[in-house]
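A.B. asks: The structure under discussion is supplied below as structure tokens; questions concerning it will follow.
The values are calculated or read from the model by the stated rules, or taken from the named source; none is laboratory data. Just so we're clear, the structure is a prediction, and the values are computed from it rather than from any experiment. As a convention, Cβ positions derive from the backbone with ideal geometry for all residues, glycine included, and neighbour counts pool all protein chains shown. What goes into the accessible areas is simple: the full protein's heavy atoms, side chains included, and nothing from ligands, DNA or RNA. Shrake-Rupley method; radii C 1.70, N 1.55, O 1.52, S 1.80 Å.
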Amino acid sequence: MFHDDLDTSAYSTLAFIEGIVVLKTSNSEDKSVAGSSESAFYANLLDNGNFVLYNQDHETIYETFNAPTNTILGGQSLPSGVKLVSSFSSTNHSSGRFHLLMQNNSNLVAYPENLNQPVDAYWASKIYYTGCRNHLVSGGLNSYYVRNDHNAPSCMCLPGLYLRENDPSFGDSQRNFTSGNCIAGKEDASVYKISPTTNLTWEDPPYLVTSFLGKEDCGKSCLEDCACDAALFGEIGQCMKHELL
């Protein structure tokens, strides 16, 4: 591990003193290097290399696996928004010129330090997580994703659809009903109903956007439109009509 503010050597040691992890350097200067606003009751170096501090209730208040620097170990993950920063050299472990960022879309990208623009990237995994599928080109179909108790994404089908495959991480959703008759572009609204769902966004662009319809009229317009499978009523009052794939 490295820390730009610490001058370490091969003779430096870590000590756990009064709930604080302290780096004792060769020049006898003690510096706090890890911890939290809460004093730790005990510490544990796990077999996987994770150094963990606990309070009196045996709850984790700090762990090195949540604060990676220039290295990750087996079993350690790199969460979204977290980055690894290269060492300056093989002997100088202060911050170097590059960092490896796990972006929020799950694309792992290497950038020069202090630059996060796509044009500046010199390497990218090009694996994205949008919709409900890890993919290179297209999204998870006709579904949206939520995060479970372990912060892992899982697919959810829109109302009126079912998961074609059993794997919620990769399955596409398809209709569980047959389409009604379409006459002159108009649908028989009596055979359908609108199932409202909140707090959703839609990745694909709508085929129609209008600001002249209220929320209820937006749904009614979708019911009567042969091409419309879902309607999204935005925060700024726009009615957006979408067609499922």
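A.B. asks: For residues that are touching a strand residue (DSSP E or B) at 6+ places or on another chain (Cβ under 9 Å), exposed (fewer than 13 other Cβ atoms within 10 Å of the Cβ) and without any contact (Cβ under 8 Å) to a residue 60 or more places away in the chain, scanning just segment 57-78, find the one that is farthest from residue 100 (Cα to Cα).
C.D. replies: 58
A.B. asks: For the structure I just gave you, tell me whether residue 75 is within 25 Å of residue 125 (Cα to Cα), small (Gly, Ala, Ser), modelled with pLDDT under 85 and assigned to a strand (DSSP E or B).
C.D. replies: No: the conditions fail for residue 75.
A.B. asks: Every residue in segment 27-56 that is open to solvent by 80 Å² or more (accessible area, probe 1.4 Å), modelled with pLDDT of 85 or more and part of a strand (DSSP E or B), please.
C.D. replies: 45
A.B. asks: Among what's in segment 217-245 and is open to solvent by less than 80 Å² (accessible area, probe 1.4 Å), in contact with a Cys (Cβ under 7 Å, 6 or more places away or on another chain) and assigned to a loop (DSSP other than H, G, I, E, B), pick the residue that is modelled with the lowest pLDDT.
C.D. replies: Selected residue: 226.
A.B. asks: So which of 161, 208 is touching a strand residue (DSSP E or B) at 6+ places or on another chain (Cβ under 8 Å), under 22 Å from residue 237 (Cβ atoms), modelled with pLDDT of 70 or more and of a type outside the set (Ser, Thr, Tyr)?
C.D. replies: One residue alone meets the criteria, 208.
A.B. asks: Continuing with the same structure: Select, from 214, 185, the only residue that is open to solvent by less than 60 Å² (accessible area, probe 1.4 Å) and at pLDDT below 70.
C.D. replies: 185
A.B. asks: (1) of a type in the set (D, E, K, R); (2) modelled with pLDDT under 70; (3) more than 17 Å from the chain's Cα centre (by Cα): which one isn't true of residue 147, the others all being true?
C.D. replies: Every condition holds for residue 147 apart from (3).
A.B. asks: Could I ask something else about it? Can you pull out the residues in segment 13-26 that are closer than 24 Å to residue 70 by Cα and either open to solvent by 50 Å² or more (accessible area, probe 1.4 Å) or at pLDDT below 75 (or both)?
C.D. replies: 13, 14, 16, 20, 24, 25, 26
A.B. asks: Would you mind stating whether residue 129 is modelled with pLDDT under 80, surrounded by 17 or more Cβ atoms within 10 Å (Cβ to Cβ) and either touching a Gly at 6+ places or on another chain (Cβ under 7 Å) or part of a strand (DSSP E or B) (or both)?
C.D. replies: Yes, satisfied.
A.B. asks: Mind listing just one residue for me: the one in segment 79-105 that is in a strand (DSSP E or B) and of a type outside the set (A, V, I, L, M) and, of those, most open to solvent (accessible area, probe 1.4 Å)?
C.D. replies: Selected residue: 97.
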